[in-house]
Amino acid sequence: MVMLSKFPSVSKCASIGREKHTVVADMDGTLLIGRSSFPYFALIAFEAGGFFRLLFLLLASPLAALLYYFVSESAGIQLLIFTSFAGMKISDIESVARAVLPKFYSGDLHPESWRVFSSCGKRCVLTANPRIMVEAFLKDFLGADLVLGTEISSYKGRATGFVKSPGVLVGSNKANALQKTFGDTKPEIGLGDRHTDAPFMSLCKESYLVSPNPKVRAVTTEKLPKPIVFHDGRLVQKPTPLMALLIILWIPIGFILGCLRIAAGSLLPMPIVYYAFLALGVRVTVKGTPPPPPKKSTGQSGVLFVCSHRTLLDPIFLSTALGRPIAAVTYSVSRLSEIISPIKTVRLSRDRAADAAMIKKLLVEGDLAICPEGTTCREPFLLRFSALFAELTDEIVPVAMVNRMSMFHGTTARGWKGMDPFYFFMNPSPAYEVTFLSKLPKELTCSSSKSSHEVANYIQRVIAATLSYECTQFTRKDKYRALAGNDGIVADKSNNLKPNKLMGC
């Protein structure tokens, strides 16, 4: 057996002039700082299988660890694959791999390994992880040209939980896969971190060892070749075994607490909802000076609050900050969300003329909230603002919305949106910060010869500057294509001849 001690540290590997070289790297512990793949299997289990699948994986993990250390690395990984994948739709695994895992993988990228890997012209990854689980991240975000991983077996579109021949890609299987792919051509650089990587590393012209270092810091997001703008999934933190246990224990408590918080927001008078939320552990911070309510006796029209969009609860927390209910326009939220909403919600059809007429009518009745991004974004970015609202009124107040969640995300592109408010309120101590900005000056409105796009872009920039976010030209379609593989539209079941309605917020 080749000894790891013969390989120099990756820190001694030159990264200049490697444009024509090929690098072959392991994943866990090499490209990634973490050596355990459990958190990523846990993400697959929870996001595609739910609570009980995660529980099943957590209960099996001690046995997987024993197999890993006392039988073989292959046996431990195979048990993780079986408990995570057995019976699961292949399409669901692919969806989580594309929409959820990249966010967590990118937060664990090893700086020295990435320095070498990114400097090479051709990049290959050899990993014991299932290829279906890692390929989307490695190719789309790290620029890998080739991914050789464990192949899982399937039957009628569902994973069996077993793996295809030659089995889990560790040890000699990695070396064989490398030889089969490259033939007599030796890759210039091999990167690995454990003794089972030594066989494939010895087949490279140069090989370097990535030693475990708990103090090493992951590559910062700005150094990634592609920023993570869109991602999905319910979990905020990487589910290590301890965090997975905490999630399992908290969900029953959190659901009850979430129902109490939703009941308080839905049933209590709006002026006291702020205090009820505070008593139930929901923090609401209000900044800036909001305008007073319109005086209907004088014929004053309502103010249009133009908000950045973080969750479908934005208008509710806007109303909480104001101490009075504000109507909101939405794009096809779930019926459950409409039923439990404490404020008036009006669905828009995206028929421009009909929507304009509806918004004007609502503004005559009073203040109105709108989120012109059209869909939510979790990262510090603002999506492109739809310009229709700017044509309908000059009474515009930008509102910067930001929230904080420690355990669960209150948005989804792939799952049932009816659970969004529950997941937000299931967080131990969720928080919203509502910042009222100055009313848009008359000279910056459409009535002063500004185009609607100029007005919308200006408001986007003002809100972004307040939040220290970055403006983008991404749209709702871009988000759903990235996360769900579609344009974010669903057929109108009431009449198949009508235009499609758009999914969710």
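Observations
- Neighbours by Cβ (under 8 Å, 6+ apart or cross-chain): first from the range 247-267, closer than 20 Å to LEU59 by Cβ; second of a type in the set (Val, Ile, Thr) and crowded, with 17+ Cβ neighbours inside 10 Å: none
- Residue count for the range 349-402, restricted to those that are among the aliphatic types (A, V, I, L, M) and assigned to a helix (DSSP H, G or I): 11
- Of all the numbered requirements in (1) more than 29 Å from the chain's Cα centre (by Cα); (2) more than 19 Å from MET27 (Cα to Cα); (3) basic (Lys, Arg), ARG158 misses one, and that requirement is (1).
- Qualifying position, being closer than 29 Å to ASP92 by Cα, in a helix (DSSP H, G or I) and of a type outside the set (A, V, I, L, M), among TYR458, TYR423: TYR423
- Subset of the range 213-226 that is part of a loop (DSSP other than H, G, I, E, B) and loosely packed, with under 15 Cβ neighbours inside 10 Å - its residue that is nearest to the chain's Cα centre (by Cα): LYS226
- Test result for ALA413, open to solvent by less than 50 Å² (accessible area, probe 1.4 Å), among the small types (Gly, Ala, Ser) and either closer than 30 Å to LYS361 by Cβ or assigned to a helix (DSSP H, G or I) (or both): no
- The residues listed here are SER386, SER429; of these, the one that is small (Gly, Ala, Ser), open to solvent by 10 Å² or more (accessible area, probe 1.4 Å) and within 21 Å of the chain's Cα centre (by Cα) is SER429.
- Contacts under 9 angstrom Cβ, first residue in the range 433-446 being under 13 Å from TYR458 (Cα atoms) and in a helix (DSSP H, G or I), partner of a type in the set (Lys, Arg) and open to solvent by 30 Å² or more (accessible area, probe 1.4 Å), 6 or more apart: GLU443/LYS450; LEU444/LYS450
- For the condition charged (D, E, K, R), under 24 Å from ASN213 (Cα atoms), in contact (Cβ under 8 Å) with a residue 24 or more places away in the chain and surrounded by fewer than 20 Cβ atoms within 10 Å (Cβ to Cβ), GLU19 does not qualify.
Conditions tested, residue by residue: (1) surrounded by fewer than 22 Cβ atoms within 10 Å (Cβ to Cβ); (2) hydrophobic (A, V, I, L, M, F, W, C); (3) modelled with pLDDT under 95.
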position	(1), (2), (3)
GLY76	no, no, no
PHE82	yes, yes, no
ASP92	yes, no, no
VAL96	no, yes, no
PRO102	no, no, no
TYR105	no, no, no
HIS110	no, no, no
VAL116	no, yes, no
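- Qualifying residue in the range 30-48 (condition: open to solvent by 20 Å² or more (accessible area, probe 1.4 Å), closer than 19 Å to GLY233 by Cα and not basic (Lys, Arg)): yes
- Failed item, numbered, when LEU483 is tested on (1) touching a helix residue (DSSP H, G or I) at 6+ places or on another chain (Cβ under 7 Å); (2) free of Cβ contacts under 8 Å to residues at least 24 places away in the same chain: (2)
- Which numbered condition THR185 fails, given (1) more than 30 Å from ILE339 (Cα to Cα); (2) out of contact with any Cys (no Cβ under 9 Å at 6 or more places or on another chain); (3) open to solvent by less than 60 Å² (accessible area, probe 1.4 Å): (3)
- Flag for VAL273 being within 24 Å of the chain's Cα centre (by Cα) and not polar (S, T, N, Q): no
- Residue within the range 49-71 that is crowded, with 22+ Cβ neighbours inside 10 Å, at pLDDT 95 or above and in contact with a Ser or Thr (Cβ under 6 Å, 6 or more places away or on another chain) present: yes
- Which numbered condition ASP232 fails, given (1) in a loop (DSSP other than H, G, I, E, B); (2) farther than 24 Å from GLU47 by Cβ; (3) open to solvent by less than 20 Å² (accessible area, probe 1.4 Å): (2)
The values are calculated or read from the model by the stated rules, or taken from the named source; none is laboratory data. Because the structure is a prediction, the values reported are computed rather than measured. As a convention, Cβ positions derive from the backbone with ideal geometry for all residues, glycine included, and neighbour counts pool all protein chains shown. Accessible surface is based on the protein model in full, side chains and every heavy atom, while ligands, DNA and RNA are left aside. Shrake-Rupley method; radii C 1.70, N 1.55, O 1.52, S 1.80 Å.
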